[in-house]
Amino acid sequence: MNKRQLSFVLLLTGLLILGLGFGIQSALAKRSETPIAAASPIHPTFALLDANGEQVLKSGKNISTMQTCGQCHDTAYIQQHAFHSDLGLSAYAPSDKTWDASNGIFGQWDPLTYRYLSEKGDQRLDLSTAEWLMVNANRVVGGGPADTSREGQALTSLKSDANNPEASILNAETGQPEAWDWSQSGTMEMNCFVCHLQDPNNDQRVKAIQAGDFGGANTATLVGTGIVTHTSKGYFWNDAAFDENGNLKDKYVLIQDPTNANCAACHGEVHPETQEPLVVSACDLNYPQTATTGQVIAAQKINASGMNLADKQTLNRSWDIHAERQLKCTDCHFALNNPAHALELQGNNPDHLVYDPRKLDIGEYIQRPDHNFARGQSAQFNIDPELKGTMRRCESCHDANKAHADWLPYVDKHMAAVACESCHISKMYAPAIQSYDWTVVTPSGQAASVCRGVEGDPNSINSLVTGFEPALLNRTNVDGKQLLAPYNLITTYFWVYDDPNGPRPVRLADLEAAYLENGVYAADVLSAFDADKSGALDASELKIDSQAKQDLIAGRLAALGLKNPRIEGQVQPYSINHGVARGDDAVNDCKSCHTNQQASRVSQPIELSAYAPNGVTPKFVGGTNVQASGEIVIHEDGSVYYQPKPANDKLYVFGSSRVNWIDWFGALAFFGSLLGVLGHGTLRYVNFMRRPKAQAETKAVYMYDSYRRFWHWLQTVVIVMLLFTGLIIHRPDIFGIFSFRGVVTIHNVLAAILVVNALLSVFYHLSTGRMQEYIPRPYGFFDDAIVQAKYYIGGIFKGEPHPFEKTPNSRMNPIQKFTYFGILMVLLPLQILTGALMWGVQRWPAIAGWFGGLPVLAPFHSLVAWLFAAFIVVHVYMTTTGATPLEAIRAMVTGWEEVEAHSHEEPSAS
Amino acid sequence: MKKRFPFWILGLVGILLIVLVPILYFMPRAAASSNDPWSKLPEHPVHVDHKDIVKGDFKTGQDVTRACLVCHKDAAEDLMMTTHWTWESKPFDVPWRDQPVTIGKINQINNFCIGTQGNENKCMSCHAGYGWEEGKKTEQANPENVDCLACHADTGLYGKGTYGNPADGVDLLAAAQSVRAPTRENCGKCHFDGGGGNGVKHGDLDESLYFPDENEDVHMGKLNFQCTDCHVTTNHQVLGRMIADNYTIDPKEQVSCEQCHVNQKHEDERINSHLTSVACQTCHIPALAVQDPTKVYWDWSQAGQEGREDDHFTYLKIKGEFVYDKNFAPTYLWFNGNNEYRYILGDKIGADGVTYINKPAGSIGDPTAKIFPFKLHIAKQPYDVVNQYLLQPITSGKDGFWTNFNWDQAFKLAAPITGLNYSGQYGFTTTYMYWPTTHMVQPATQALQCDACHGENGRMDWKALGYPGDPIEWGARATPK
C-alpha cells in the first residue's frame, strides 16, 4: 500500500468512525424522512429549450416541453396519442340534444365539480376555456385544450373577445365576461415532467395555472429541483445546474418512468409508504378516484392505517393486494405500444398462431411511445371509448377455474354472471361521495353533500368510518359479455334552465345570486328555509323539501333572467376496480348472495340520497356500459334508494330469486292437500267410531316383492331428502344452520341416486312386463275411475269394501294408475330434466339456454317440487285406506299384506 | 306364523348406505393437516410437590444442594457438563489462530459489559453455581457448588448475590421447598436481563415475556409456552446454542422452528418459494423489542463524566452513553447458523475502524444460508492503542472502574488476570455484535407481507445481500438443484 492509498484508507476510516459516532444516534433515533433523489441511471443529459428552440439559459424564457423533449422523442406523436392531454377536445361537438359537447372533462359536464364549460353562443358565460383550465388545474397536464382551440387552431391565434368563450373569462366581481389575451397568458404544452419527474412540483404548477400563468406552468413544475427558482419577478434558470454546453448536469436529470405517486398526484389516494399510517381525506375531490369510489391503492394493511375504521383490528389485509404485491399503475395501464407489455395477439389471426414476435423495437418505442394507455371498462370515463378493454383484466393473469377449484362450485356459471371485482372488492374502507345537492348552495359556494361510509362529519378524525358495500350493476363489456360489477352510485340534484342553445345547468354564479346577498342568505330565502328560526341554516334545513321553497328559488332564478328553471337529478355509477382483496378476504360465503333478496349482495338496496329535492326522482345517466335495471324508490321518510332487480338482467340467484306466484301456488297445493286429507281422515275416523266394529274378512297376500320394496323406499328417502334440501336451497335465509354449499352438493348427489334408481326401476318394470300395471287401460277407465272416486267420497266412510281388489298383479285402482302415471311418467322426468339442465349450466350453459336458462328452469323446478310434496301428503294418507290404517305401509316393508277377501277366484299367494 | 328375522331391516340399512355413502364421499371438506405441531411438544408431567419432602436446616446454598443430591444423584454431575456451568464452549479450530480456542463468558468478551474475568463478584450472579471467586477455580469442581435453586426455585423466593451465592436474607428452606420444573421466570432472570438490565442484550428476550401479549409472542403469549418446550432438556443438557459463544454449531444442538413445524407449507406457493432463501424468523418476527426497548448502541468512552445526570436509557456514569430502540426492524444478513468470525481475546482490531465481536457466516452463494434477522449492537469499547487489541477492564470491585472511574487502573488490574499485556495507552473503537432474532414470533396474521421487503420502500438492502436488485423483478438467487 503506497502512501497515498494509506492516507486515503486512514481518512476513510476516520470518516467512518466520525460518521458512526455522529450518525448512529440520529440514524437509529429516526429513519430518514425522504429518500435522496438519485439521478436517472439511463436518461442522457439534455438542454432545456424554449418555444423557439433556444436554450432557456440564454433566452431566460419558459421551458417548452415539446421542444426540449422533442430533441429526441417525437413529441408531436406523443401529444396526438395521449388522452391525458386531449381530455375530449378532439371529440368536441356541441349539439342541441345535450349540454355535453364531448366525452371528456373538456366538454362533458361533471355535476360534482359543477362548473359548466360554456359553448359558443351560450347567453350566460360560465367557464371559458381559460377559467376551465384554472378550475381543473390539478387535472390538466397541458396540450389539447390548453393550447388548441375547439376548431383546432392555436389558442394564441385567437383574438381577445369577451363574447367568445374561448377568448374571455367571467369576472367574478361584475358577473360579466371579459376578454382574455392568450398571447399574454401563454398556453400550456403537454407537461412531460408532471409524470416523468421523480418529484414534480405540482403545487407550484397548479398555483401558476390558477393564476392564469399558463405559459409558466411547465416551468413551475421544475421549481425546487434546483434547475429553476421562482420569485415575484418570474422564473430564473440556475446556471449551476447546467454544464458548459448548456446541457443539464447529470445529477439534475431526474427523468424516470411514471411511478404510482405520479399517477396519484391527479387520480386519487395512493400510499406507497409502509411505515407512515395512511389517512384519507374523505370525499375530497382533489383525490377524485378516492372521493368518488373510496378506492385506495396502498400496500399497507388496513388496520395499520390511521383511519378510524369500524372493526379495524380485524381488517388484517392490505388496502390493495396488487399494491402489496408490488404492481405499479403502469403494469396494467401501460403504453399501448410498449413492447414489454404488448398483448400476445391482437385482431384476427389463424387459430394455430399463439405468439407474434413482431413488436416494436425498444428504440422505436422510446422515440414514439404511445401515450394512450391501456384501460378497463369504466362507466364514468368515456373518453376514447375505442380503447376500452385494452387493458389486461383479472382473467388475463388469473385463472379463475384453478383459483376457485378447491371451493367454489359452478365456477364458470359464477364467472359468466359476476365480475371478479364483485367478490374481490366486496367492501370499500374509505368514504365516498353519496350525493351532491346543487339545488341549494352554502355561503361558501358549495353543494349540500353527503358522504357514504362514514358516521358524522366526514373530515373529523372522531367520525367512525364504516365503509360501504358497492352496488352491483350489470355491465356490458366491450366483448359483449354482461357481468355484475361493483359501483358507487353518486346522485346529484341541480337546477336546469333553458338557454337558446338548449338546456343548461344553472351557473354557480346565478345559484349564488339566487340564494345569497353579500355572502349571506337573502332575507326571504332565510325566512323560508330557517325552520328553527335560529337565523342560520344548518344541514337539515338547507334543502328544498316543499313546493313553496322550490317556487321561491325558481322565482329568484327566473328574476335573474333564467328561463324555466327546474330541478333535475341524476345518478352516475362510478366503477370500482381497485382495492382488490385476495381470496381469503373476498366474499367467499355462499350466503352473501344466496340469501333473501334484501340481504343478498346482488339485490340489496343502496341509498342514493337522504332526500329528493321536492320529490324529484333522479335518473341514471345514459350512454354508459351499465344497465341499471333496478328501480329507484323513494321511501316514506323521503330517502331515495336504488333497488336492484337481478331478474331484469335475466339472472336467477338460488336462494335469492324466486317467482312469488309459484311459491304461493305450490304452498296452496301442499297445504290444501294436507287440509284435505286431514278432513277426509277426520270424517273417516268419526264414521269408523260410529260404525259397529265388524272385522272385515282379510287374507294375507304377498303383495310386493323385495326389489319393489327396495326401490320404493330408496326413492322415498331420496325424494324426501331432495325436497328438504331443495327447500333449503330455495330459502337459505330460513335454514341458516345449513351450509349452502354442502346442501347443494347433497342435493346433486341425491339427484344422481334418484336417477339411477329410477332407471333401474324402469328396466325392472319393462323387463318384467309390470309396466302395464301403471298404464291405465283406456277401456272403461272413466267408469272405473268414477266408481273409485265415489268410493273415496262415500263408501269409504261407511266401511264399504274397496271397489277394486288389490292383488299382486293388479295393485292399483284406476285413480292410482292415473296418478302414478302422471307422477312417474310426467312429473318425475320433468323434474329430472330441469334439474339436470340446472346442474349442467356449468358445463353446457347453451343447452340450459335453449330452455330459457335458470330464470325459467329454476322456478319450474320449484313448481314441480311443490307438486311432489303435495303428492306425498296424499300418497301417505292413501296408504291408510287399506284393511287397517297401517296395513299398506307394513306391506311395503314386509311384502305381505292383509287385504280384504273378495269372493271371486284369484291365484293364491305363495 | 313363526317369527321371522325382519329382513326389511337389511333393506333399510342398504338404502341408507346407498344414500349416505355417496353424500359423504362428495361432501366438500377441508384437507386435514397431518403435520400437527402440537404432537411434537414435550409433555409436562405433574411435578411432585417438594414442600413435604425437603426438610432440614439450610445455612448455605451448598446445604441445599447436598439435600437435592440425596435423591437426584447425577443431577450435579450432569449440570457440570453443560455450558450453564462451564461458561465455555468446546475447543474450535479457527483459521486465524494456530491453537484451538474455546469461547464463553469465562474467557472471551462481548460489547456490553465486556468481560467477566476479574469481575466475578457481579457476573457470577448469573452462573448456575455458588462461590466462584477469582483464583478458586479448582474449588468449583465440587458438585455441591451447583446452584439448583437458580433454575428450580420460585423466583419470588430466591435470588442470587455476589459470586453466585444466595442473596442476603433468602429463606433457603422456603426456596428449596418451592422447587419445580424451570419456568420462564427462572430462565428470564438471567436471559431477559443479560447485559445489565431488562432487554439490554437480545432484543427478542425481555421481561415483557413473563406475561406476554399474544401479539408480541404467539408461543409464549397465546399458547403459554415455557422455554423448555422448545429448548428441550435432557439430563440438564438444554437444547439450543448461543451463536456468540460458539464458532460453529451442530444443527442437532440448535433449536429450530422445524422441530415442531414439520413440513408445514404455506397456502400460497409464492411464499413457499421463499423458504430456500428466507428463514422463518425473517417474516414471522417483523420487529424487535416489541414492548420493552433494547440497547442498540453503547459508548463506553463517555463513561465516568463528573456531574452528568444519570438516566437509565441514555447515560450512566459507570457505563457511558446508550441508545435504546423499541419495536424496530431487525438487520438482515445471510446466515447458515455459524459464525464466520468470533473475536478471540488478543485478536487485532479491525483495520477499517470496525471490529466484529462476531460475524454471522453465510452469503448469497452459500446454499445452506438463509436471510436471517439480527439485532446489531454497536459499541465503542476500549482497546490497546499500541497492541491493537480490545481490552477488558476490571469494572466491579474495590479498585474497579465503577468505583474509581479510572480506566488506566482498570486495565492494569485486568492484565494479570486476562493474561493480556496492557501497554498503558488505550483508546475506544467501534465494535459490532450480531444477535440472532428468534423469539417474539408474532401471530401469522402479523407476518411480513410482500411490500415489507419488496418494492421501493422495502426493508431489505438487496445490493448489500448480493442481489443485482429486488428479486421480485430480478429473480431469486440460483441455488443448486
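Things worth noting here:
- Any chance A:A752 is free of Cβ contacts under 8 Å to residues at least 24 places away in the same chain and among the hydrophobic types (A, V, I, L, M, F, W, C): yes
- For A:V633, the criteria (1) within 30 Å of A:V418 (Cα to Cα); (2) assigned by TED's automatic domain parsing to the domain that holds A:G849; (3) not basic (K, R) hold in every case but one, which is (2).
- Odd one out for A:V478 among (1) of a type in the set (V, I, T); (2) under 24 Å from A:R115 (Cα atoms); (3) surrounded by fewer than 16 Cβ atoms within 10 Å (Cβ to Cβ): (2)
- Flag for A:A298 being buried (at least 19 other Cβ atoms within 10 Å of the Cβ) and within 14 Å of chain B (Cβ to nearest Cβ): yes
- For segment A:228-283, the tally of residues that are within 14 Å of chain B (Cβ to nearest Cβ) and in a loop (DSSP other than H, G, I, E, B) stands at 11.
- In this structure, B:T368 does not qualify as away from every other protein chain (no Cβ under 14 Å) and in contact (Cβ under 8 Å) with a residue 60 or more places away in the chain.
- Within segment A:207-233, tally of residues that are more than 17 Å from A:V140 (Cα to Cα) and among the β-branched types (V, I, T): 6
- One residue from B:K375, B:K326 being of a type outside the set (A, V, I, L, M), surrounded by fewer than 19 Cβ atoms within 10 Å (Cβ to Cβ) and touching a Ser or Thr at 6+ places or on another chain (Cβ under 8 Å): B:K326
- Output for segment A:733-755, where each listed residue is surrounded by 14 or more Cβ atoms within 10 Å (Cβ to Cβ) and either more than 13 Å from chain B (Cβ to nearest Cβ) or among the aliphatic types (A, V, I, L, M) (or both): A:D733, A:F735, A:V743, A:V744, A:I746, A:V749, A:L750, A:A751, A:A752, A:I753, A:L754, A:V755
- Test for A:P845: is it surrounded by fewer than 17 Cβ atoms within 10 Å (Cβ to Cβ), touching a residue at least 40 places away in the same chain (Cβ under 8 Å) and either at positive phi or under 36 Å from the mean Cα position of the chain (by Cα) (or both): yes
- Meets criteria (within 18 Å of A:L464 (Cβ to Cβ), within 14 Å of another protein chain (Cβ to nearest Cβ), out of contact with any Lys or Arg (no Cβ under 7 Å at 6 or more places or on another chain) and surrounded by 18 or more Cβ atoms within 10 Å (Cβ to Cβ)) for A:L315: yes
- For segment B:10-128, the helices (runs of 4 or more DSSP H) that sit wholly inside it and include 2 or more residues that are away from chain A (no Cβ under 14 Å) and over 26 Å from B:Y389 (Cβ atoms) are B:61-71, B:75-79, B:83-86.
- Among helices (runs of 4 or more DSSP H) entirely within segment B:211-330, having at least 1 residues that are closer than 21 Å to B:A452 by Cβ singles out B:269-272, B:280-284.
- Subset of segment B:283-308 [in contact with a Ser or Thr (Cβ under 9 Å, 6 or more places away or on another chain) and of a type outside the set (A, V, I, L, M, F, W, C)]: B:Q291, B:D292
- Among the residues making up segment B:427-474, those that are away from chain A (no Cβ under 14 Å) and part of a loop (DSSP other than H, G, I, E, B) are B:T437, B:T438, B:H439, B:M440, B:V441, B:G466, B:Y467.
- Residue within segment B:381-388 that is within 14 Å of chain A (Cβ to nearest Cβ), over 30 Å from B:T116 (Cα atoms) and either touching a residue at least 60 places away in the same chain (Cβ under 8 Å) or touching a Ser or Thr at 6+ places or on another chain (Cβ under 6 Å) (or both) present: no
- Yes/no for A:N625 being away from chain B (no Cβ under 14 Å), farther than 30 Å from A:D545 by Cα and over 24 Å from the mean Cα position of the chain (by Cα): no
- Qualifying residues in segment A:310-323 (those that are in contact (Cβ under 8 Å) with a residue 12 or more places away in the chain and more than 22 Å from the chain's Cα centre (by Cα)) - the one nearest to A:R375 (Cα to Cα): A:N316
- The residue list A:G561, A:G583 contains one member that is small (G, A, S), within 30 Å of A:K328 (Cβ to Cβ) and surrounded by fewer than 20 Cβ atoms within 10 Å (Cβ to Cβ), which is A:G583.
The values are calculated or read from the model by the stated rules, or taken from the named source; none is laboratory data. Note that the structure is a prediction, hence the values are computed from the model and not measured. Glycine also receives a Cβ, built like all others from the backbone with ideal geometry; neighbour counts cover every protein chain displayed.
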